[in-house]
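What follows is a set of notes on a single structure, which appears directly below.
The values are calculated or read from the model by the stated rules, or taken from the named source; none is laboratory data. What you are looking at is a predicted structure, and each value in this text was computed from that prediction instead of being measured. All Cβ positions, even for glycine, are placed from backbone atoms using ideal geometry, and neighbour counts span all protein chains on display.
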Amino acid sequence: MFPAARRFAAQCGLITCLATADSLPVRGESAEVSFAPFAVNAVSPVRAAPSRPGTGVEPAAMAPAPAGGLKAPPPLAITRFKNVDYVATADFAARLGLKGKWEEAKRQLTLTTGPRRLVLTAEKREVSCDGLRIFLGHAVQIRAGKLYVSKTDYEGCLLALLRPDHVSAPVPRLRTIVLDPGHGGADPGMENRPLRVQEKVLTLDVALRLEKLLRAEGYSVVLTRRDDRQLAPTKEADLQRRAIIANAAGADLFISIHFNSLFPDTRVSGTEVYVFTRPGQRSDQSWGFGQTDDTEHDVAPVNRHDAWTSLLAHALHRETIGGLKTSDRGHKTKHLAVLRGLNCPGVLIESVFLSNDAEARRAATTAYRQQIAESLAAGIRSYDATLDPLRPKSPSTSATVPRPASSSPP
Ligand SMILES: [Zn+2]
């Protein structure tokens, strides 16, 4: 530890920000089963297919349409490695009409469709989508020259980013947005005492600013707290209460607002976006040195919305990094108690580090907190704009946001 950091450690009362639920063990390990023939050669483009689902390369048999009225093509072929189901990149690239380029030297496959650009690296969990870092729950696998992504990562994350029109889950409406200012009352969250910065104060201020922006655009907004208070006597109950409030409000979207810390490391800076870990996968935290596997196999309520949560997280990630010009620490997963019980897509955002004095000083200014709120509003707007063309358009099922007469145009 550097002397300055040691002084900081002595002066600060920083405590862990994220509150997670207890993890469950343990996934089994067994021998791999099978793999398909060679498909991704060096600098060999993946065969592009027509972009409309269910055409061209698809087998004739079609599954019944899901509840949301969207098309449901037959399932992709599954290959199991070490008890995990994988899908071949060549298979979903053909289905989704993606162009592909394999670079042998980097062991990287780049898939593109329109403005989307996904870069997968063999044996790595970290992928890049539109230049943003995303950490998958399982590493990309390569077998006999063919690249595979876990079925859970494909269906719960990558598909929504690449081709949201292919997601089989019903397209959510977006009317009621629940904002959750992290911490409160006896729980201050992160404290940078030399700078007199408390996380609970900043999160509430950002939430109130974001509420104002979203109401001006016609959304209905509910805050889990509007003043300095805990929502329950214990931390666990407090976190669960926030999801209960969101569900009771009929939330279509939930954002928990936090500020980060890696104290006593005072150098790290940047933005992290968290979603609840997908079923059968480890959280990002559990991949750290000495950490135990925290895989949960049961489906949490919020896991039903994994695909749209990933789309929301990506939009918030992009707009926050772009708006704040912060370094990208990634779109990650964690077993977050505040998200677990949600009946809608939900994301926890850690915009900057209060353990980093430079970022804490910025966060202490109203102008910067307004910028955070505006970046989050832009992310929500982008998410809504992506979903809007996918929603049913009949009057009875229209999911357009009602615009109150009193609201100002955006
Ligand atoms: Zn926090």
So L195, is it of a type outside the set (D, E, K, R) and crowded, with 20+ Cβ neighbours inside 10 Å: no
Return only the number of the condition from (1) assigned to a loop (DSSP other than H, G, I, E, B); (2) closer than 22 Å to R125 by Cβ; (3) in contact (Cβ under 8 Å) with a residue 12 or more places away in the chain that S269 does not satisfy. (2)
Hey, can you tell me all the residues within the range 132-158 that are more than 14 Å from the chain's Cα centre (by Cα) and among the hydrophobic types (A, V, I, L, M, F, W, C)? A139, V140, I142, A144, L147, V149
Within the range 162-209, can you find the residues that are charged (D, E, K, R) and at positive phi? R196
If the Cβ limit is 6 Å and pairs must be 6+ apart or interchain, which residue in the range 354-376 that is within 15 Å of R193 (Cβ to Cβ) pairs with which residue that is of a type in the set (F, W, Y)? L354/F259; S355/F263
Checked against (1) surrounded by 22 or more Cβ atoms within 10 Å (Cβ to Cβ); (2) out of contact with any strand residue (DSSP E or B) (no Cβ under 6 Å at 6 or more places or on another chain), L161 satisfies every condition except (2)
Selection from the range 161-185 of residues in a helix (DSSP H, G or I) and within 25 Å of H258 (Cα to Cα) yields L161
Across the range 303-333, what is the number of residues that are more than 19 Å from A358 (Cβ to Cβ) and either assigned to a strand (DSSP E or B) or touching a Ser or Thr at 6+ places or on another chain (Cβ under 7 Å) (or both)? 7
Considering Q281, Q285, which residue is under 22 Å from L136 (Cα atoms) and more than 16 Å from the ligand (Cβ to nearest atom)? Q281
So A139 passes all but one of these: (1) away from the ligand (no atom under 16 Å from the Cβ); (2) outside the structural domain of T113 (by TED's automatic domain parsing); (3) closer than 30 Å to R267 by Cβ. Which condition number does it fail? (2)
Residues of the range 326-342 being in contact with a helix residue (DSSP H, G or I) (Cβ under 8 Å, 6 or more places away or on another chain) and either more than 20 Å from A315 (Cβ to Cβ) or not assigned by TED's automatic domain parsing to the domain that holds L208 (or both), in sequence order, are A337, R340, G341
Being in a strand (DSSP E or B), within 16 Å of the ligand (Cβ to nearest atom) and of a type in the set (A, V, I, L, M) narrows V338, V352 down to just V352
Search the range 177-191 for residues that are farther than 28 Å from Y219 by Cα and assigned by TED's automatic domain parsing to the domain that holds L223 and pair each with any residue that is near the ligand (Cβ under 10 Å from one of its atoms) and among the aromatic types (F, W, Y) when their beta-carbon atoms are under 6 Å apart and the residues are at least 6 apart or on different chains. M190/F259
Among the residues of the range 261-293, how many are buried (at least 23 other Cβ atoms within 10 Å of the Cβ) and either in contact with a Leu (Cβ under 7 Å, 6 or more places away or on another chain) or of a type in the set (A, V, I, L, M) (or both)? 7
Return the residues of the range 157-199 that are within 16 Å of the ligand (Cβ to nearest atom), charged (D, E, K, R) and modelled with pLDDT of 95 or more; say none if nothing qualifies. D180, D187, E199
Within the range 146-156, can one find any residue that is within 16 Å of the ligand (Cβ to nearest atom), in a helix (DSSP H, G or I) and in contact (Cβ under 8 Å) with a residue 60 or more places away in the chain? no
